[in-house]
Amino acid sequence: EEEEEEEESSRRSEHLSSSGGGSVATTFEVCERGQRLGTLILNLCQDADRASVGVELSRENRARLTFLKDTLDLLVSYASRQSEDVKHSPAYGTILGRLITHLDQTLVMMQRIADREATITSNFDIFELTVRRYLEQLRKMFPLSPQSKALSLLLKPSLLIEDATARAVWERLFGEESPFVDFSTFVRKMLMEELIGKQQSTLEGSSPQEAELLVQFLHYFSNFPEDDLVTTYKWNVLVRLFGPYPDFLRNFRRIAVGRQGFLGLVNRIKAYEILTMKHERRILLMRFSRTEPEFLAFSYKNSRGQIGHQINRDDQGEIIPIETFIEKRFPGYTLVEEHVDIAAVLGLEQTSSLCDYAADTSGGYIVSYYS
């Protein structure tokens with residue numbers, strides 16, 4: 001069985017590495033879809049400005065569309081300026097292919113909104129957040145400049161992993177020339193065999209259900225919406241957030257999996273809505289940062305009832321460990337009771353489209369920690 005798993009993993013990896021032959025064409029497709037989406041957004045906002053058309057946009061939803069339009073403009077600018085060497089890279093083409101799938105789903109949703117067949121909900125943010133994540137991943141894995149760095153990363157993608165131990169583990173398990181592996185291979189080799197297998201004391205007293213929960217949260221952090229690629233960029237971000245590497249499993253388990261107040265893929269608009277609804281002050285929530293994916297964002301309501309946002313970065317641009325950041329920046333603050341309903345999010349992804357997720361109005365993806 002193990003040999004069959006290895007052969008299947010090898011076949012999948014070979015398919016991933018060779019599926020980017022149409023890189024130049026996919027670069028054009030990304031720009032074309034980005035521009036079409038931008039036009040749809042502009043038309044929708046213009047219709048809302050004309051009261052006779054019957055389209056209404058709240059301030060929050062107009063901001064959501066503006067976020068998406070700004071990110072799409074950045075993506076089109078990046079893709080159109082990419083070098084020919086990178087455009088012909090199979091790895092670049094593979095990632096663009098996954099991005100195009102997401103852009104196509106975004107186009108479907110935007111057309112449904114334009115045709116009055118769907119409305120914008122807080123879950124609509126998933127489209128912009130995902131495009132932003134792809135953009136930052138592409139910028140780091142395939143930088144526009146300097147050219148020497150771009151070529152170095154093409155030849156040895158593992159150089160992107162900053163933590164020396166995490167980089168050495170990636171190279172040993174997957175190879176220094178491997179820019180990505182499929183998610184199941186990452187879970188089996190990195191999580192089950194390497195992290196849990198060699199750090200079993202970290203999970204002392206845990207159950208198989210907790211190991212499954214770790215897999216679900218890894219899926220949410222590195223493979224949602226699903227593209228079946230765990231890249232050197234994603235692994236570097238994970239270790240930056242929850243490292244250093246020797247402490248990764250313990251920190252990930254404690255902060256992401258087992259703690260209230262972590263809301264994941266919500267932006268500052270949704271965070272503002274959640275904090276506004278609460279009567280308490282000196283409260284705090286953690287979430288992914290849409291503009292700085294290598295850091296976590298912390299949205300808070302202070303003692304005067306003012307709402308603000310910070311990321312765990314110091315003055316030199318280095319990451320501050322999450323616990324240290326909370327202790328120093330937010331002494332006396334209480335984390336909100338809500339957390340991500342991971343089963344609901346991943347369950348819907350497996351049975352429905354991302355458009356269904358975005359159009360859902362139940363608000364069931366963030367729940368009370370004590371429910």
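The values are calculated or read from the model by the stated rules, or taken from the named source; none is laboratory data. Quantities reported herein were computed from a predicted structural model and do not represent experimental measurements. Cβ placement follows ideal geometry from the backbone for every residue including glycine, while neighbour counts extend to all protein chains displayed. To get the accessible areas, we keep the full protein, side chains included, count just its heavy atoms, and leave off ligands, DNA and RNA. Shrake-Rupley method; radii C 1.70, N 1.55, O 1.52, S 1.80 Å.
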Return the sequence-ordered ³J(HN,Hα) values of region 149-161 in whole Hz as given by the Karplus equation 6.51 cos²θ - 1.76 cosθ + 1.60 applied to θ = phi - 60°, using x for Gly and Pro. 5, 4, 5, 4, 6, 5, 7, 9, x, 5, 4, 5, 7
Residues with amide H under 5 Å of residue 338's amide H, sequence separation 5 or more or different chain, H placed in the peptide plane at 1.01 Å from N; which? 261, 369
Quick check: pseudo-label points 7 Å beyond the Cα along Cα→Cβ at residue 329 and residue 63, how many nm apart are they? 1.8
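I need to check one value: relative contact order of region 225-297, counting alpha carbon pairs closer than 8 Å and at least 6 residues apart, in percent. If you can, show how the numbers build up before the last one.
Details: 50 pairs, mean separation 22.0, N = 73.
Computed value for region 225-297: 30 percent relative contact order.
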Whose amide H sits under 5 Å from the amide H of residue 296, counting only residues 5 or more places off or on another chain, with H placed in the peptide plane? 312
5 angstrom amide H check on residue 266, placed H, neighbours 5+ away: 288
Starting at the first residue of region 81-90, write each ³J(HN,Hα) from the Karplus equation 6.51 cos²θ - 1.76 cosθ + 1.60 with θ = phi - 60°, in whole Hz, x for Gly and Pro. 9, 5, 6, 5, 4, 5, 4, 8, 6, x
Table column - 3J(HN,Hα) (Hz), region 72-79, Karplus curve with 6.51, -1.76, 1.60, x for Gly and Pro: 4, 4, 5, 5, 4, 4, 4, 5
Past the 24 Å Cα-Cα mark, which pairs from 140/270; 87/234; 156/234; 234/301; 149/234? 140/270; 234/301
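Could you tell me which GluC sites (Glu not before Pro) in region 285-326 are loop residues by DSSP with no more than 10 other beta carbons within 10 angstrom of their beta carbon?
Values: sites: 294, 318, 323; in loops: 294, 318.
Hits after loop and neighbour filter: 318.
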Whole-Å distance, taken between Cα centres, linking region 81-140 and region 163-182: 26
Need the full-extension length gain, residue 39 to residue 343, defined as separation in residues times 0.36 nm minus the C-alpha distance. One decimal, nm. 105.9 nm
Inter-label distance, nm, simple model (7 Å from Cα along the C-beta direction), residue 320/residue 147: 4.1
Ignoring ligands, DNA and RNA, please state the percent of accessible area on region 203-334 from carbon and sulfur, probe 1.4 Å. 46
Low-density loop positions, trypsin sites (Lys or Arg not before Pro), region 104-187 - DSSP coil, at most 12 other Cβ in 10 Å: 116
How high is the FRET efficiency between residue 49 and residue 107 when r is their beta carbon distance and R₀ equals 22 Å, given to the nearest 0.05? 0.45
